[in-house]
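For reference, the structure is listed below as structure tokens.
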Amino acid sequence: MTDNKSLNNPYLPDLATVQEVIDETANIRTLRVTLDDKEKMAAFNFRPGQVGQISVFGTGESTFVINSPPTRRDYLQFSVMRVGEITQRIHQLNAGDRIGLRAPLGNGFQYEDMKGRDILFIGGGIGMAPLRTLLLHMIDNRADYGDITAIYGARSPKDLCYTYEFEEWKTGGVNLVLTVDSEFPGWKERVGFVPTILSQEAPSPLNRIAIVCGPPIMIKFVLFGLKELGFEDRQIITTLEKRMKCGIGICGRCNVGSKYVCVDGPVFNYEQIKGMCQEL
Ligand SMILES: Cc1cc2nc3c(=O)[nH]c(=O)nc-3n(C[C@H](O)[C@H](O)[C@H](O)COP(=O)(O)OP(=O)(O)OC[C@H]3O[C@@H](n4cnc5c(N)ncnc54)[C@H](O)[C@@H]3O)c2cc1C
Ligand code: FES
């Protein structure tokens, strides 16, 4: 029988099975999946920040970051916000259902260059997904990094993802600063938009890398805040979401300026993309 590998067709997905589904918020679900080929699953290697193209048979294919870290290999985790046809179909999947997966794609975070540095994660809503993979990777290699602070915000407490593992993040050495947009009964953490909390925390740019992901409006004001604090463009890292098709640098669908998000990204430092922001 001919297998995927011998066909050598980069568009052919691997078969995978949904092992577990977690409801994160009203419109975000997390899938934990394993490749059906056990040898491939055991050998599957990736960098934090790399993505996968998930296909729902009969509907289509979409891009999602692998938000589990490479240090934890029992399954690959994807968190999916429901916005349109494919994500709607993904939300209908249950444990035991089959999907197609083309992964890993893209560049991922250059975490080797971050060793010995202080790290500042700044995430909003579903934007915490790409940060989670790197954050857990750093917890699993905690001695390699200095201070790790994560500012994570959402509209309301019910819109925060991964609430069930916040304690693990804290005991893993992360200074976790949670915020929601306005007061909610019983909420004991911070209140205010993420850029406001950033300026209140005012982390020093000295020997620190800031990694930012969230809605475009949040990113815009966070970038402004980081510059005010004295962060240089190269100290600011973000991930770009640009609609993908082939995922392998062939179709030209995902270009931003001279870059293809699918192969040159999705992770960029601000120096690489600041001239292109009007195209995003
Ligand atoms: C590198 C990368 C990583 C991503 N990681 C995640 C992730 O971890 N979790 C997650 O929930 N989503 C992620 N996305 C976005 C996800 O791919 C889209 O939301 C999905 O393709 C929408 O498919 P759909 O058929 O449900 O919606 P569609 O019917 O195609 O679109 C519905 C609406 O969403 C908008 N939209 C579609 N795709 C994008 C996009 N890429 N960026 C911005 N707006 C878009 C459309 O303009 C439209 O308004 C990522 C995208 C990229 C490029
Ligand atoms: S998705 Fe085809 S070139 Fe990037």
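The values are calculated or read from the model by the stated rules, or taken from the named source; none is laboratory data. Note that the structure is predicted; figures quoted are calculated from it, not measured. Please note: Cβ atoms are built from the backbone with ideal geometry, for glycine as well, and neighbour counts cover all protein chains shown. The area values use the complete protein model at the heavy-atom level, side chains included, leaving out ligands, DNA and RNA. Shrake-Rupley method; radii C 1.70, N 1.55, O 1.52, S 1.80 Å.
Key figures for this structure:
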| quantity | calculated |
| --- | --- |
| Accessible area expressed per residue, the chain, with surrounding protein chains retained (probe 1.4 Å, Å²) | 47 Å² |
| Fraction of beta bridges assigned by DSSP in the chain that are antiparallel (%, nearest 5) | 55 percent |
| GNM result for the chain, Cα springs below 10 Å: residue of Ser258, Ser182, Ser156 fluctuating most strongly | Ser258 |
| Accessible-area composition of segment 144-225, carbon plus sulfur, in percent [1.4 Å probe] | 60 percent |
| Note, ³J(HN,Hα) from phi for segment 22-29, Karplus 6.51, -1.76, 1.60, rounded to Hz, x at Gly and Pro | 10, 7, 7, 9, 4, 10, 10, 10 |
| Kirkwood hydrodynamic radius of the chain, Cα pairs, Å | 19.4 Å |
| Local net charge near Leu76, Cβ-Cβ under 11 Å (Lys/Arg +1, Asp/Glu -1) | +1 |
| Local electrostatic count, Thr171, Cβ distance below 14 Å [Lys/Arg +1, Asp/Glu -1] | -2 |
| Table column - 3J(HN,Hα) (Hz), segment 85-102, Karplus curve with 6.51, -1.76, 1.60, x for Gly and Pro | 5, 5, 5, 4, 5, 5, 5, 8, 6, 10, 3, x, 6, 9, 9, x, 9, 10 |
| Acute angle (nearest 10 degrees) that the helix 216-229 long axis makes with the longest principal axis of the chain, alpha-carbon atoms | 40 degrees |
